[in-house]
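S.K.: The structure that follows is given in the form of structure tokens.
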Amino acid sequence: MNVLTDHLSEFREGFIGTILLTLASGALAMVIGVIIAAFRVSPVPPLRIFGTAWVTLFRNTPLTLLFLVAWFVVPEIFMPGLSPWTKALLALGFYTSAFVAEAVRSGINTVPLGQAEAARSLGMTFSQTLTLIVLPQATRTVLPPLSSIFIALTKNSAIAGAFSVSELFGVQKLLSDKGFAIVPIFLFVAAGYLIITFTISGLFRLLERRMEVAR
């Protein structure tokens with residue numbers, strides 16, 4: 001218990017860092033994922049090819065490798081001077097976006113084809129049909145897999161701790177290197193992750209219940 005009380009500020013900073021990194025990378029993954037899902041179902045072949053290539057690339061690339069690319073390749077070629085936090089945001093956001101895209105695409109496929117055909121018969125464009133007709137109906141189906149994806153994102157953020165990003169796993173690494181007992185440190189870090197993941201699960205369960213009432 002002394003490990004927690006003596007280093008409460010480090011644990012608090014790591015806990016807040018994990019929350020912020022999860023929220024930011026989750027928001028980035030949602031934006032990119034919805035766009036890529038729209039590409040996957042687009043009537044334009046080049047967009048479908050790009051969407052398929054994006055999902056195939058990021059779903060089948062180990063996350064640790066993406067972190068290495070973000071740390072050693074991206075600053076050298078594309079964006080020099082990025083902070084470690086921004087690099088972790090990009091790696092987590094791009095990786096998770098592929099899973100979000102597949103979840104959203106699966107939800108889109110559950111909407112009856114007649115809905116899109118009726119929208120087209122009214123003169124609506126593809127983007128109007130998708131945003132106004134299809135996606136609102138697909139939301140109910142998408143929520144459960146999105147819950148699992150964001151819980152996995154929270155746990156995946158632990159990799160950022162190995163790359164000098166301030167988050168829970170980084171606190172464990174820091175205190176372990178100083179020679180503190182590893183078991184209580186792991187217990188406190190695990191408790192922090194559980195709090196975050198249970199909160200995410202509860203929020204999505206609440207959303208699912210509200211969507212059921214709306215149904």
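The values are calculated or read from the model by the stated rules, or taken from the named source; none is laboratory data. The structure displayed is predicted, hence computed values, not measured ones. All Cβ positions, even for glycine, are placed from backbone atoms using ideal geometry, and neighbour counts span all protein chains on display. Areas reflect the complete protein model, heavy atoms only, side chains present, ligands, DNA and RNA absent. Shrake-Rupley method; radii C 1.70, N 1.55, O 1.52, S 1.80 Å.
S.K.: When only residues in the stretch 7-33 that are of a type outside the set (A, V, I, L, M, F, W, C) and closer than 15 Å to residue 195 by Cβ count, which is surrounded by the fewest Cβ atoms within 10 Å (Cβ to Cβ)?
M.R.: 12
S.K.: Being of a type outside the set (Ser, Thr, Tyr) and closer than 16 Å to residue 33 by Cβ is the filter; apply it to the stretch 147-161 and report the residue that is surrounded by the fewest Cβ atoms within 10 Å (Cβ to Cβ).
M.R.: Across the stretch 147-161, the extreme among qualifying residues is 152.
S.K.: Exactly one of (1) of a type in the set (A, V, I, L, M); (2) touching a helix residue (DSSP H, G or I) at 6+ places or on another chain (Cβ under 6 Å); (3) exposed (fewer than 14 other Cβ atoms within 10 Å of the Cβ) is unmet by residue 44. Its number?
M.R.: It fails just one condition, (2).
S.K.: Next question. Pick from 205, 209, 120: which is open to solvent by 80 Å² or more (accessible area, probe 1.4 Å), in a helix (DSSP H, G or I), charged (D, E, K, R) and in contact (Cβ under 8 Å) with a residue 24 or more places away in the chain?
M.R.: Only one candidate passes the filter, namely 205.
S.K.: Okay, next question. Between a first residue in the stretch 82-101 that is not in a helix (DSSP H, G or I) and a second residue that is not aromatic (Phe, Trp, Tyr), which pairs have beta carbons less than 6 Å apart while being 6 or more apart in sequence or on different chains?
M.R.: 82/75
S.K.: Mind listing just one residue for me: the one in the stretch 128-181 that is basic (Lys, Arg) and not in a loop (DSSP other than H, G, I, E, B) and, of those, nearest to residue 99 (Cα to Cα)?
M.R.: 155
S.K.: Continuing with this model, one more query. Given the residues 88, 53, 70, 27, which is the only one that is hydrophobic (A, V, I, L, M, F, W, C) and under 24 Å from residue 133 (Cα atoms)?
M.R.: 27
S.K.: Further, regarding this structure: Restricting attention to the stretch 39-57, and to residues there that are among the hydrophobic types (A, V, I, L, M, F, W, C) and within 9 Å of residue 101 (Cβ to Cβ), which single residue is farthest from the chain's Cα centre (by Cα)?
M.R.: Restricting to residues being among the hydrophobic types (A, V, I, L, M, F, W, C) and within 9 Å of residue 101 (Cβ to Cβ), the top hit is 39.
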